[in-house]
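Written below as structure tokens is the structure these notes are about.
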Amino acid sequence: MNFAGGEKILVIGLGRSGKAVVEVLRGRGAEVYAIDEKPRAELAETIAGLEAMGAQYVAPENIGELTNVTCAVLSPGVPLNGPLVRKIQSGNIPVYSEIEVAYRLCKAPIIAVTGTKGKSTTASLIGHLLRAAGKDARVGGNIGNPLILEAVAAPAESWVVAEVSSFQLETIRSFHPRVSVILNISADHLDRYHSMDEYVEAKYRIFANQSEHDVFIANLDDPVLAPLHWHSGEARVRAKQMWFTLGNDSKHATMYLRDGALTYSPVTGDPRPIPIASRDDVPLAGLHNVQNVMAASLAVLAAGIEPRELRDGIRTFGPMSHRMQPVGEVDGVLYVDDSKATNPGAVIAALRAYDKPIVLIAGGKPKNTDFTELGRIVDERARALVVIGEAADDIAAHVYRTPIERAGSMEEAVRMAQSLAQPGDVVLLSPACASFDMFESAEDRGQKFTDAVLGTPAR
């Protein structure tokens, strides 16, 4: 499969990634059709763009009229087990993910990053560290810019860093990163997966095609991942293993904390431990971000960067948009946008990142996740909770001691949080839910939070 001239390809889903696939495949001379389950009226502008590229829109009800299709390419947000995809597969049409196509068209080696939380920060940091060391690096995937655009543009001497979700990994076939990273695995997307085991297996696909010539990096502190360690006798991972931990376990981990320093034990050559950076050099709040820095450091070390080249890159990396991003201070209260925290584990990590009282704004569209542990941590660490969206009552039901308010809009939530906070506190937007009940996207939700904060008059 060349994904080029002479092939008739159907693109399923016309979000950002789907439109990028159309652009690339048309540029390679393929005959491209595209389909989306949204009402046609909502797709008018998108359809006009497709036609300008020489592609053709097919309405879902007309899918049976499309014949001689070579293959289909699935956008990340479209469920593999949905009726549209099942209908396409029933015609014996092979379905590939966007990251599979990107991999097959990419000349450069790939570093792939997945995990329930921290993917975007870690992928971005890997790109930053590679560029700080003088390498060309392209970052794409679930981070926001389609991987396929970065993959086709990258020369062979570059590195492509791919943030990949469980959704994207579901339909890979030969996707084979030179370096794979799993940061952590906790409950998420259980509205899409039948069980936690199914979700875990989707994540594990990131290393399925790796060989002993590749590198696998994972979190020794994560109880789901730790059994994959070679020392446990598990043989599923064929790649060389590099593990990180917040402890001082130099026997089982390649990077660990020792005397306040992120310390590397080389896997080949001189085995003496090397301090990479001080804990104080990490510019991001929270121990979970120390883990993200460890994972990113191991990834670039696996890519051939020297340890001495990492410290300056770590120190100069800043927080990403909508990921524990400070957006302003009003009357001595710090406001932090963590809108991309769409599962309870990410919110728990954010709550633990601050040693100040927190007023938490949480809620949105639920993903069939359990809020029990989140409720316990809110009771331990939050001064107050403001809930919004469809999941408001479910989250509130798991909080027993912390005062709770309910808001009908982001503007109201910020006003309530401001009235509850005291000087020295943090108002944290960290929703634990998807955004689509009230907002266009997590970015839209974070921007509305920022607008409300910056538009709030001083008391």
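The values are calculated or read from the model by the stated rules, or taken from the named source; none is laboratory data. Computed from a predicted model, the values in this text were never measured in an experiment. For neighbour counting, all protein chains shown are included, and Cβ atoms are generated from backbone atoms with ideal geometry for every residue, glycine included.
Points worth noting:
- Among the candidates Arg415, Arg308, the residue that is assigned to a helix (DSSP H, G or I), of a type in the set (Lys, Arg) and closer than 30 Å to Lys135 by Cβ is uniquely Arg308.
- You will find that of Ser435, Ser441, Ser430, Ser409, the residue that is in contact (Cβ under 8 Å) with a residue 12 or more places away in the chain, farther than 22 Å from Val333 by Cα and of a type in the set (Ser, Thr, Tyr) is Ser435 and no other.
- On the stretch given as the stretch 337-387, residues that are in contact with a His (Cβ under 6 Å, 6 or more places away or on another chain) and polar (S, T, N, Q) total 2.
- Conditions (1) without any contact (Cβ under 8 Å) to a residue 60 or more places away in the chain; (2) closer than 22 Å to Thr369 by Cα: number failed by Thr114: (1)
- Qualifying residue in the stretch 297-304 (condition: surrounded by fewer than 16 Cβ atoms within 10 Å (Cβ to Cβ) and in the same structural domain as His213 (by TED's automatic domain parsing)): yes
- Hits in the stretch 84-123 - residues which are of a type outside the set (A, V, I, L, M, F, W, C), at pLDDT below 90 and touching a Pro at 6+ places or on another chain (Cβ under 9 Å): Lys87
- The residues in the stretch 184-226 that are under 21 Å from Ile99 (Cβ atoms) and not in a loop (DSSP other than H, G, I, E, B) can be counted, and the count is 14.
Residue-by-condition table, conditions (1) under 30 Å from Pro431 (Cα atoms); (2) within 22 Å of the chain's Cα centre (by Cα):
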| position | (1), (2) |
| --- | --- |
| Pro223 | yes, yes |
| Pro227 | no, no |
| Gly233 | no, no |
| Ala261 | no, no |
| Asp281 | yes, no |
| His288 | yes, yes |
| Arg308 | no, no |
| Arg311 | no, no |
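- Failed item in (1) touching a Ser or Thr at 6+ places or on another chain (Cβ under 6 Å); (2) over 24 Å from Ala285 (Cα atoms); (3) buried (at least 19 other Cβ atoms within 10 Å of the Cβ), with Asp136 passing the rest: (3)
- If you check Ala396, Ala382, Ala434 for being surrounded by 15 or more Cβ atoms within 10 Å (Cβ to Cβ), in the same structural domain as Ile358 (by TED's automatic domain parsing), closer than 17 Å to Lys356 by Cα and of a type outside the set (D, E, K, R), only one passes: Ala382.
- Boolean, Ala202 is more than 17 Å from the chain's Cα centre (by Cα), under 16 Å from Ser165 (Cβ atoms), outside the structural domain of Asn343 (by TED's automatic domain parsing) and in contact (Cβ under 8 Å) with a residue 24 or more places away in the chain: no
- Any helices (runs of 4 or more DSSP H) falling wholly within the stretch 39-111 and containing at least 3 residues that are farther than 18 Å from Glu170 by Cβ: 44-52
- Among the residues listed as Arg178, Arg258, Arg238, Arg192, the single one being without any contact (Cβ under 8 Å) to a residue 24 or more places away in the chain, of a type in the set (Lys, Arg) and out of contact with any helix residue (DSSP H, G or I) (no Cβ under 7 Å at 6 or more places or on another chain): Arg258
- Selection within the stretch 361-402 - part of a loop (DSSP other than H, G, I, E, B), free of Cβ contacts under 8 Å to residues at least 60 places away in the same chain and in contact with a Gly (Cβ under 9 Å, 6 or more places away or on another chain): Gly389, Glu390, Ala391, Ala397, His398, Val399, Tyr400, Thr402
- Tally, over the stretch 112-139, of residues that are of a type outside the set (Val, Ile, Thr) and either in the same structural domain as Gly27 (by TED's automatic domain parsing) or assigned to a strand (DSSP E or B) (or both): 3
- Number of the condition not met by Glu405 [criteria: (1) outside any helix (DSSP H, G or I); (2) under 22 Å from the mean Cα position of the chain (by Cα)]: (2)
- Long-range neighbours under 6 Å by Cβ, at least six apart or interchain, first residue over 17 Å from Val78 (Cα atoms) within the stretch 37-54, second of a type in the set (Lys, Arg) and assigned to a helix (DSSP H, G or I): Met53/Arg26; Gly54/Arg26
- Verdict on Ala349 being under 18 Å from Phe449 (Cα atoms) and either assigned to a helix (DSSP H, G or I) or in the same structural domain as Gly424 (by TED's automatic domain parsing) (or both): no
- Matching residues in the stretch 418-443 - criterion: being in a helix (DSSP H, G or I) and at pLDDT 95 or above: Gln418, Ser419, Leu420
- For the criterion of being modelled with pLDDT of 90 or more and touching a Gly at 6+ places or on another chain (Cβ under 6 Å), Tyr335 passes.
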